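Values quoted throughout were computed directly from the atomic coordinates according to the rules given, and no laboratory measurement underlies them. All of these numbers come straight from a predicted model, not from anything done at the bench. Reconstructed Cβ throughout: ideal geometry from the backbone, glycine too, with neighbour counts over all protein chains shown.
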Amino acid sequence: MGTLTWAGVTRYRRALVGAHRVRTKAQALRFVNALGFCYAFTPGPGDLPALFDVLDTRSVNRMWSWTWQWKDELATERRLFYGRLLRRKPTFVSLAYLPHFFALTGNVGEADDYLQAYHEGRLGRLAKELYEYVREHGRCSTWTLRRQFVLHADRAAPFHRALRALQERCLIAKVAEQESGSFAYIWDTFDRWLPEVVRAAERISSTDAAAALLQRYLRTVGAAPARTARDLFAWPPAMFEAARRSADARVLDTNIEGSPALAHAQVFAVAGRRRAR
């Protein structure tokens, strides 16, 4: 396949991001769907791009205004998922790849998924109680949940950690926003909000899900040190290796300037075309 340099990988990434110029909500959705998943605002761990990278404006205020509005509208319209799924950063996920994330949570789409996670030590008590409240009462705003569970100021941080844990495990989802009086997100259980995603995940094994996400990630960044990819997804070592082996026909082990890395075949093709010129 030839050799790669980090300079070649950088050119690959610039070409991929440079193909998008976003000024509208529809263009933002196309960008997310093209990448499968990306950070919502600024770039972050794993060198994964963010929407800010492709916004066609130099105004930072406009960047925040556009992205803040579009994330609420697109998520509320169920055209993409917005939440903290990667490295605790706000993340956009296309509906095509959301079932793969769900398949890796250990959930099976049953009402007692949270209890299994709790009994296995993967979910804390406060998160369990928050989930039970939303399950019983239906859609709830952040302020409603705070009034129920944050009785003292020192409980605010654990409260937000619990909300984040429920998002990361696809147990709850942001389904709308409330702007009367003060801004707040509206939450519901993930399975009630996106039942079609849960059904689609039933047909995907955890190994296939991890392999698909690893392949999609490498198609976006071109190549990355294996440790960077492992840290991004935070999968158990055995799962990461199974995903890498499963995607072996499409994901290549290589060295880039002496650094062990994973690279997608597409980046070699782009580098080869540039050398030919």
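The gain in end-to-end length when the Asp112 to Asp208 segment is fully stretched comes to 32.1 nm, 0.36 nm per residue minus the alpha carbon separation. Taking a straight line from the alpha carbon of Lys25, these lysines sit under 17 Å away, with near neighbours fewer than eight places off in the same chain left out: Lys71. Listing Phe183, Phe52, Phe37, Phe190 from fewest to most neighbouring C-beta atoms within 10 Å gives Phe183, Phe52, Phe37, Phe190. Karplus-derived 3J(HN,Hα) values for the range 69-77, using 6.51 cos²θ - 1.76 cosθ + 1.60 with θ = phi - 60°, are 5, 5, 4, 5, 5, 5, 5, 5, 7 Hz; glycine and proline are entered as x.
Each residue of the range 165-178 was assigned a 3J(HN,Hα) from its phi angle through the Karplus curve 6.51 cos²θ - 1.76 cosθ + 1.60 (θ = phi - 60°); the sequence is 4, 5, 5, 4, 9, 6, 9, 10, 9, 6, 10, 5, 9, 10 Hz, with glycine and proline shown as x.
Between the DSSP loop rule and a limit of at most 15 other Cβ atoms within 10 Å, which trypsin sites (Lys or Arg not before Pro) in the range 4-41 are left? Here the trypsin sites (Lys or Arg not before Pro) that fit, given the DSSP loop and packing criteria, are Arg21, Arg23. A full extension of the chain between Gln266 and Ala238 corresponds to an added length of 7.5 nm, given 0.36 nm per residue minus the alpha carbon distance.
The long axis of helix 6-18 is offset from the longest Cα principal axis of the chain by roughly 60 degrees. With each label modelled as a point 7 angstrom along the Cα→C-beta vector, the Arg14-Arg58 pair spans 1.9 nm. Computed as a quarter of the hull surface, the mean projected area of the alpha carbon convex hull for the chain stands at 16.2 nm². Once label points are set 7 Å from the Cα along Cα→Cβ at both Thr24 and Trp68, what is their separation, rounded to one decimal in nm? For Thr24 paired with Trp68, the spin-label model returns 2.4 nm. Per residue, the convex hull spanned by the Cα atoms of the range 109-201 measures out at 94 cubic angstrom.
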